Amino acid sequence: MSIKCLMLETSDRRRFFTSLSCRKSLAEYCRAFNAKTYVVRAEIGRADLMTVQALVRALCDGIVRTKPADFKMIKGRKAD
């Protein structure tokens, strides 16, 4: 299933998928840690989208990675 969502890419190239509504919550993190957000259409299920709380835990743990997913870039931009 393909859904439109937000992809966060960290400076060490880890990618996390979350809902579009989380963009404002992630803006400060992106500025501070040189991360980027992209609006993508990803081949994942809604259950695979991370909540903000799960995303925070994953970002703090440098080992956590999401399973690879096929995605198509819709809109890419560095968070402002």
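Taken together, the residues in the stretch 29-53 that are in contact with a strand residue (DSSP E or B) (Cβ under 6 Å, 6 or more places away or on another chain) and of a type in the set (S, T, N, Q) amount to 1. Scanning the stretch 46-72 for residues that are loosely packed, with under 11 Cβ neighbours inside 10 Å and either touching a Cys at 6+ places or on another chain (Cβ under 6 Å) or not β-branched (Val, Ile, Thr) (or both) yields Arg46, Ala47, Gln53, Cys60, Asp61, Gly62, Lys67, Pro68, Asp70, Lys72. Taken over the stretch 27-45, the residue count meeting the criterion of being aromatic (Phe, Trp, Tyr) and either in contact (Cβ under 8 Å) with a residue 60 or more places away in the chain or loosely packed, with under 13 Cβ neighbours inside 10 Å (or both) is 1.
Here are some residues: Lys24, Lys4. Which one is in contact (Cβ under 8 Å) with a residue 60 or more places away in the chain and loosely packed, with under 15 Cβ neighbours inside 10 Å?
Lys4
Scanning the stretch 19-51 for residues that are among the polar types (S, T, N, Q) and within 12 Å of the chain's Cα centre (by Cα) returns Ser19, Ser21, Ser25, Thr37, Thr51.
When Arg46, Arg57, Arg65 are screened for being basic (Lys, Arg), at pLDDT 90 or above and on the phi < 0 side of the Ramachandran plot, only Arg57 passes.
The values are calculated or read from the model by the stated rules, or taken from the named source; none is laboratory data. This is a predicted model, so every value here is computed, not measured. So basically every Cβ, Gly included, is an ideal-geometry build from the backbone, and we count neighbours across all protein chains shown.
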